[in-house]
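**Student:** Below you will find the structure I want to go over with you.
The values are calculated or read from the model by the stated rules, or taken from the named source; none is laboratory data. Note that this is a predicted model, so its numbers are computed, not measured. Because the Cβ atoms are built from the backbone with ideal geometry, glycine has one as well, and the counts that use them run over all protein chains shown. All accessible areas refer to the heavy atoms of the entire protein, side chains included, with ligands and DNA or RNA removed. Shrake-Rupley method; radii C 1.70, N 1.55, O 1.52, S 1.80 Å.
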Amino acid sequence: KATLKILPRWCTAEKCALERMMKVRTTDLVSALLAVPRQIRLMYIHAYQAYIFNRVVSARIRKFGVNTVVEGDLILEEGDLAGDEENQDDTGRVSMPSVRVVTAEEAAAGVIDPALLVLPLPGNSVVYPTNMGDIYREIAAEDGIDLNTQVHAVREFSMVGFTGDYRRVYLKPTNVAHRVVSYADPKANLVLTDLDRINGVNKLEYQDGPLRAVTIEFHLPPSSYATMVLRELMKSTTATSAHKRKTLDANAATAT
C-alpha cells in the first residue's frame with residue numbers, strides 16, 4: 001500500500017502488479033504478472049525476441065563478415081518479404097514468409113543477393129539456421145530460457161508460446177536524398193516538424209551563416225530505425241547524452 005501511494009501515475013505495469021498482490025497470496029507471482037495489461041506483457045516478449053535477434057546478427061557478422069551469404073544461411077524465397085511490414089499481431093501470430101536454407105553450391109557460386117538473408121525472431125514456427133542455431137540457444141540459456149520447450153503452464157511464459165518471425169539481416173534505406181544547409185543560429189530549426197505541417201508551414205526561414213549541417217531524407221520499412229541509419233552514416237553513438245554534450249560544446253564554441 002505504501003509503495004502504491006508513491007508510484008508515479010505512468011508506472012502502469014507496476015501499479016497493476018502491486019494492486020493484484022494486495023488481493024491474492026504474496027507468493028502468487030503468476031497472478032501478479034498476469035495483472036499487467038496484455039499489450040505491455042507482449043511488448044516485453046517482442047523486445048526480448050528483438051534482443052536475441054540483434055545479438056545473433058552481431059555474432060554472425062563477427063563470424064562471417066558483412067554482406068555475405070554462406071552455407072546454412074536462411075534466405076527469403078523469391079517474392080517473399082520480411083521486415084517490410086508488421087506481420088505480428090497482438091496474439092503473437094504472424095503471416096510467415098517462406099524461407100529456405102542456402103546450399104554449399106549456392107554459397108560458393110556467390111549468386112545470392114545478401115538482401116535476401118534473414119534470421120528468425122525466436123518462436124515455435126521458425127526455422128533456425130544450421131550455422132547459427134547453437135548461438136541462439138547459448139544466448140537464451142544465459143537468461144535461463146529454453147527456446148524449444150514450454151517450461152510453464154502459462155503458455156506466454158515460454159518462448160514456444162509465440163510464433164516468431166523473420167527479419168532481414170541487411171537492410172538498405174531507399175529514396176535517399178541529402179542537402180547541405182548553411183545557417184547562423186545554432187538553435188535554428190532546419191527541418192519541418194509534424195506540428196509545422198499541421199500549422200500550414202511549408203518552408204522554414206533561417207539566416208545564412210557560417211554553420212553547416214546536412215539534412216538527410218530516406219525511407220525505411222516498419223521495425224527498422226532511422227537512428228541506426230544515422231549512426232552508421234556518422235560512425236558515432238546515438239545516445240542522447242552524447243548528442244546533448246555535442247550541443248553544449250557547440251554552443252560554448254559559438255559564444256566564444
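**Student:** Could we say that Arg93 is part of a helix (DSSP H, G or I) and either at pLDDT 90 or above or under 20 Å from Pro122 (Cβ atoms) (or both) here?
**Tutor:** Taking the combined requirement at face value, the residue does not satisfy it.
**Student:** Let me ask you something else. So, of the residues in the stretch 117-144 that are part of a helix (DSSP H, G or I) and within 18 Å of the chain's Cα centre (by Cα), which turns out to be surrounded by the most Cβ atoms within 10 Å (Cβ to Cβ)?
**Tutor:** Tyr136
**Student:** For the stretch 15-30, what are the residues that are more than 23 Å from Phe162 (Cα to Cα) and open to solvent by 90 Å² or more (accessible area, probe 1.4 Å)?
**Tutor:** Within the stretch 15-30, Met22, Lys23, Arg25, Thr26, Thr27 meet the criteria.
**Student:** Tell me which of these Thr163 doesn't satisfy, since it passes every other one: (1) on the phi > 0 side of the Ramachandran plot; (2) of a type in the set (S, T, N, Q); (3) surrounded by 14 or more Cβ atoms within 10 Å (Cβ to Cβ).
**Tutor:** Thr163 satisfies all of (1) on the phi > 0 side of the Ramachandran plot; (2) of a type in the set (S, T, N, Q); (3) surrounded by 14 or more Cβ atoms within 10 Å (Cβ to Cβ) except (1).
**Student:** For Pro114, work out the one condition from (1) over 30 Å from Val214 (Cα atoms); (2) open to solvent by less than 70 Å² (accessible area, probe 1.4 Å) it doesn't fulfil.
**Tutor:** (1)
Here is a yes/no grid of residues against (1) open to solvent by less than 30 Å² (accessible area, probe 1.4 Å); (2) of a type outside the set (D, E, K, R); (3) in a loop (DSSP other than H, G, I, E, B):
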site	(1), (2), (3)
Ala32	yes, yes, no
Ile40	no, yes, no
Tyr48	no, yes, no
Tyr51	no, yes, no
Asn54	no, yes, no
Ala59	yes, yes, no
Arg62	no, no, no
Thr68	no, yes, yes
Gly72	yes, yes, yes
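**Student:** Which condition does Ala213 not pass, out of (1) in a loop (DSSP other than H, G, I, E, B); (2) aliphatic (A, V, I, L, M); (3) touching a Leu at 6+ places or on another chain (Cβ under 7 Å), if it passes all the others?
**Tutor:** Checking Ala213 against (1) in a loop (DSSP other than H, G, I, E, B); (2) aliphatic (A, V, I, L, M); (3) touching a Leu at 6+ places or on another chain (Cβ under 7 Å), the one that fails is (1).
**Student:** Also, I was wondering about something else. Only one residue in Val176, Val180, Val191 is among the β-branched types (Val, Ile, Thr), open to solvent by 50 Å² or more (accessible area, probe 1.4 Å) and not in a strand (DSSP E or B), so which one is that?
**Tutor:** Val191
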